[in-house]
Amino acid sequence: MLEEATGPGRRFRTAPLEPPFGRGINLQTEAANVHALHRAVLAAGAAPLIPLEERWYARGGNEQGQRQFVVADPDGYLLRFFTDLGRRGPG
């Protein structure tokens with residue numbers, strides 16, 4: 001659930017709301033074609049914090065692969081876009 005800080009309902013403010021609002025938040029989104037999205041981000045003039053890369057993460061006794069990059073939005077939220085590379089046995 002995402003809740004707007006200024007909307008009706010409960011207030012879960014544990015500290016003052018100061019820019020950058022997204023400090024510490026890393027949102028991961030799967031993209032059908034991360035290469036095309038990366039090109040579009042560069043064409044728009046954005047500078048990725050982590051350039052397009054291939055990474056393998058330990059998951060159980062295997063590794064899960066991702067081709068990914070990370071860019072920050074104007075509020076400081078980190079947006080990690082990835083394409084799944086599948087699983088492989090222990091490296």
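Table for the structure above
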{"item": "Projected label distance in nm at His35 and Arg55, using a 7 Å step from Cα toward the beta-carbon", "result": "2.1 nm"}
{"item": "Extension reserve of the Arg88-Gln28 stretch, reckoned as 0.36 nm per residue once the Cα distance is removed", "result": "19.5 nm"}
{"item": "Proximal charge balance of Gln66 [Cβ under 13 Å; K/R count +1, D/E count -1]", "result": "+1"}
{"item": "Local electrostatic count at Gly45 - Lys and Arg +1, Asp and Glu -1, tallied over other residues with Cβ under 15 Å", "result": "0"}
{"item": "Ordering of 15-22, 72-79 by burial proxy (mean other Cβ atoms within 10 Å per residue, highest first)", "result": "72-79, 15-22"}
{"item": "For Tyr77, distant residues with modelled amide H under 5 Å away", "result": "Gly22"}
{"item": "Kirkwood estimate for the stretch 27-88, i.e. one over the average of 1/r between Cα atoms, Å", "result": "12.1 Å"}
{"item": "Net charge, Ala31 excluded, C-beta distance under 12 Å - Lys, Arg +1, Asp, Glu -1", "result": "+1"}
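Each value in this text was obtained by applying a stated rule to the coordinates, not by laboratory testing. Keep in mind it's a predicted model, so treat the numbers as computed, not measured. Positions of Cβ are generated from backbone atoms using ideal geometry, with glycine treated the same way; all protein chains shown enter the neighbour counts.
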